[in-house]
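The values are calculated or read from the model by the stated rules, or taken from the named source; none is laboratory data. Note that this is a predicted model, so its numbers are computed, not measured. No Cβ is skipped: glycine too gets one built from the backbone with ideal geometry, and neighbour counts run over all protein chains shown. For accessibility, only protein heavy atoms count, side chains too; no ligands or nucleic acids. Shrake-Rupley method; radii C 1.70, N 1.55, O 1.52, S 1.80 Å.
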Amino acid sequence: MDERSNLMNMMKITIKVLIQAALGLDRSLESDFPPLQQFFYVLEHCLKHGLKVKKSFIGHNKSFFGPLELVEKLCPESADIFTNIRNLPEIKTSLGRGRAWLHLSLMQKKMADYLQVLIDHKDLLSDFYEHEALMMEEEGAVLVGLLMGLNMIDANLCLKGEDLDSQVGIIDFSFCLKDVQLNDSEKKADEITTVLDQKHYVEELNRHLSCTVGDLQSKIELLEKTNSKLNDELVAAKDRIVSLQDEHNQLLQESARIQKKSERHLEVNMLDTKVELETYKHSRQGLDEMYNETWKQLNVEKQVRADLEKELDLQFGMKTEMEMAMKLLEKDIHEKQDTLVILRKQLDDVKSINLQMCQKFKESEIAFQNKSDQLCLLQAKLDLADSTTRGLEERLQESEKGRQVSEEIYIKMKKDVEAKTETLKQQLQKLDSQCSDLQHNLQSEKEQQKTLQEELFKEKEKNTYLQNDLLQYSQLKKDFDTLRLEKTQLQKLCDEQEQALQEMGFHLSQSKLKMEDIKEVNKALKGHTWLKDDEATGCKQCDKEFSISRRKHHCRNCGDIFCNTCSSNELSLPSYPKPVRVCDPCHNLLLQRCSSNCS
């Protein structure tokens with residue numbers, strides 16, 4: 001559920017950004033447009049969510065093009081897309097075909113219609129997706145509704161020359177970041193919250209990138225291990241080939257030796273036969289016997305030579321098979337090296353993206369420091385305002401008892417300021433103690449001079465205090481009067497707002513009643529089906545069979561067939577203004593609804 005909600009939120013943001021960008025470009029987009037690429041990456045993740053892994057003799061196959069192939073069977077209109085995909089010679093994998101299908105369906109403005117057909121046939125999708133996949137749940141219908149908004153965009157995409165098989169789709173969270181703009185002093189708190197939200201976005205993006213980097217590093221380690229294993233196997237195969245070649249050379253040498261021996265033996269036999277022919281010309285029987293023996297020896301040696309030639313052919317066949325195996329191993333090694341190069345390029349791209357996000361994070365931190373400085377200035381102004389309002393708050397506590405609930409919220413904000421003032425008071429007390437010590441020293445020297453001056457100062461101070469008290473008293477009266485006026489005005493506003501709320505509640509209740517009536521009418525029109533007379537043989541409530549005496553009667557609310565005793569009630573329905581025949585259960589339900597609506 002968390003994966004589905006995250007994917008849907010990301011899909012909403014990408015579609016919103018894509019539509020806003022398309023409106024700025026007269027609703028025409030090209031394949032190089034970054035928000036469009038971001039949309040394809042996120043949609044690819046949504047279609048991959050919950051895919052079942054299919055095993056084959058090559059390995060595990062997990063591609064979203066499998067369920068998309070069902071569209072060709074369910075919608076014959078989409079046959080042009082699949083023919084175009086098959087005619088593209090550059091695309092060789094199922095993942096590339098799926099990406100090409102997304103591009104072409106967006107160009108045709110029928111992506112939402114095709115996916116809606118797939119969602120309507122969930123029995124076929126269950127062969128490709130798990131039960132909790134995004135396309136099998138309610139989020140699939142929401143995704144189709146979001147994709148309907150893309151029909152206003154004209155996508156001019158060219159698939160020739162694009163490498164859709166080896167593209168690595170990375171979701172860029174920078175499109176989710178909000179632009180920070182300087183506003184008035186009233187909106188500075190909202191701007192600070194947006195900066196904090198952006199900071200959290202950047203942290204999540206860094207975490208996502210670190211996860212992807214870790215996954216890529218683990219893949220690289222696995223590939224390096226497999227490469228090392230393949231290198232070891234290659235070395236072992238080379239050693240085996242060398243040993244086989246040595247054995248082959250030894251066999252060739254032995255066969256040459258055997259051939260030389262057989263030739264020598266043949267020469268000796270030929271010489272012997274010549275001597276025997278010369279010596280035994282007169283004895284014909286002896287010649288015939290010697291001729292037969294030499295002929296037998298020649299046949300035996302020919303068989304031996306044929307066997308040796310067969311062994312040589314077998315050795316040559318083994319050599320050719322080993323050479324083919326070596327070529328296949330070298331191809332595998334080259335492919336692994338190419339994948340290693342691609343993964344290293346992807347790592348470099350991820351590192352560059354991480355550096356860009358770090359720069360953006362530093363810029364956001366600088367903006368956050370500026371906002372914190374402005375907050376400090378505002379807090380200093382609040383301190384000055386608090387010092388002026390304390391005197392008024394002490395004398396107006398009796399009149400402001402009704403506002404204590406609202407002041408509790410402000411007291412929580414002022415706790416930090418009071419803690420700072422307490423520290424300043426302690427410092428002032430220390431300074432006062434030092435000043436008192438100094439004053440005592442001075443008083444010991446100037447007691448005689450201050451005796452007369454103190455009396456004069458006391459009288460002047462009394463006069464000034466009395467005048468200040470009179471002025472403060474007059475100002476407090478004026479403030480009290482203004483507060484009373486404000487209180488009366490606020491009470492009037494509250495009364496007016498309460499009246500408006502009551503009127504709005506009355507209107508809402510009426511509108512709810514109207515909506516319930518409309519829903520009942522819709523249910524009566526759509527939900528309930530009017531049974532035919534041939535379909536019912538007995539009453540639905542009492543299960544008694546119909547006959548000539550017990551006739552059939554339709555309920556005008558649910559559409560089922562009842563007998564006369566079970567449908568003797570009559571009520572006025574939204575679809576029928578006059579009283580109509582209604583069954584007992586519908587009669588009870590309608591009476592309960594009427595009583596709840598009246599209450």
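For the range 205-252, what are the residues that are of a type in the set (V, I, T) and either under 41 Å from the mean Cα position of the chain (by Cα) or closer than 30 Å to L355 by Cα (or both)?
Of all residues in the range 205-252, those of a type in the set (V, I, T) come to 212-213, 220, 226, 235, 241-242.
Of everything in the range 205-252, those that are of a type in the set (V, I, T) and either under 41 Å from the mean Cα position of the chain (by Cα) or closer than 30 Å to L355 by Cα (or both) turn out to be T212, V213, I220, T226.
Do you know which residues across the range 226-256 are within 19 Å of D313 (Cβ to Cβ) and among the small types (G, A, S)?
Scanning the range 226-256 gives S255, A256.
Identify all residues within the range 574-591 that are more than 14 Å from L513 (Cα to Cα) and not in a strand (DSSP E or B); write none if there are none. Let's see the steps before the verdict.
First, the residues of the range 574-591 that are more than 14 Å from L513 (Cα to Cα): 575-589, 591.
Across the range 574-591, the qualifying residues are S575, Y576, P577, K578, C583, D584, P585, C586, H587, N588, L589, L591.
All but one of (1) closer than 17 Å to F64 by Cβ; (2) free of Cβ contacts under 8 Å to residues at least 40 places away in the same chain hold for M135; which doesn't?
M135 satisfies all of (1) closer than 17 Å to F64 by Cβ; (2) free of Cβ contacts under 8 Å to residues at least 40 places away in the same chain except (2).
Looking for something within 22 Å of the chain's Cα centre (by Cα), surrounded by 14 or more Cβ atoms within 10 Å (Cβ to Cβ) and touching a residue at least 40 places away in the same chain (Cβ under 8 Å) - is there at least one such residue anywhere in the range 82-96?
Yes: one or more hits.
Condition check ((1) modelled with pLDDT under 80; (2) under 30 Å from K260 (Cβ atoms); (3) open to solvent by less than 70 Å² (accessible area, probe 1.4 Å); (4) of a type outside the set (V, I, T)) across all residues:
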site: A325; (1), (2), (3), (4): yes, no, yes, yes
site: I342; (1), (2), (3), (4): no, no, no, no
site: I353; (1), (2), (3), (4): yes, no, yes, no
site: I366; (1), (2), (3), (4): no, no, no, no
site: Q369; (1), (2), (3), (4): yes, no, no, yes
site: K381; (1), (2), (3), (4): yes, no, no, yes
site: A385; (1), (2), (3), (4): yes, no, yes, yes
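Could you go through the range 124-133 and let me know if any residue there is open to solvent by 50 Å² or more (accessible area, probe 1.4 Å), in a helix (DSSP H, G or I) and either closer than 28 Å to E30 by Cβ or β-branched (V, I, T) (or both). I'd like the intermediate steps shown before the answer.
Of the range 124-133, the ones open to solvent by 50 Å² or more (accessible area, probe 1.4 Å) are 124, 127, 130-132.
Then drop every residue that is not in a helix (DSSP H, G or I), which leaves 124.
Next, only the ones that are either closer than 28 Å to E30 by Cβ or β-branched (V, I, T) (or both) stay: none.
Checked against the condition, which is being open to solvent by 50 Å² or more (accessible area, probe 1.4 Å), in a helix (DSSP H, G or I) and either closer than 28 Å to E30 by Cβ or β-branched (V, I, T) (or both), the range 124-133 yields no hits at all.
For the range 253-269, how many residues are surrounded by 12 or more Cβ atoms within 10 Å (Cβ to Cβ) and small (G, A, S)?
Narrowing the range 253-269 to residues surrounded by 12 or more Cβ atoms within 10 Å (Cβ to Cβ): 254-255, 258-259, 262, 265-266, 269.
Keeping just the survivors that are small (G, A, S) gives 255, 262.
Matching residues across the range 253-269 total 2.
Failed condition for K160, given (1) at pLDDT below 70; (2) open to solvent by 60 Å² or more (accessible area, probe 1.4 Å), with all others met?
Checking K160 against (1) at pLDDT below 70; (2) open to solvent by 60 Å² or more (accessible area, probe 1.4 Å), the one that fails is (1).
For L182, all conditions in the list (1) open to solvent by 40 Å² or more (accessible area, probe 1.4 Å); (2) assigned to a helix (DSSP H, G or I); (3) at pLDDT below 65 hold save one; what is the number of the exception?
Condition not satisfied by L182: (2).
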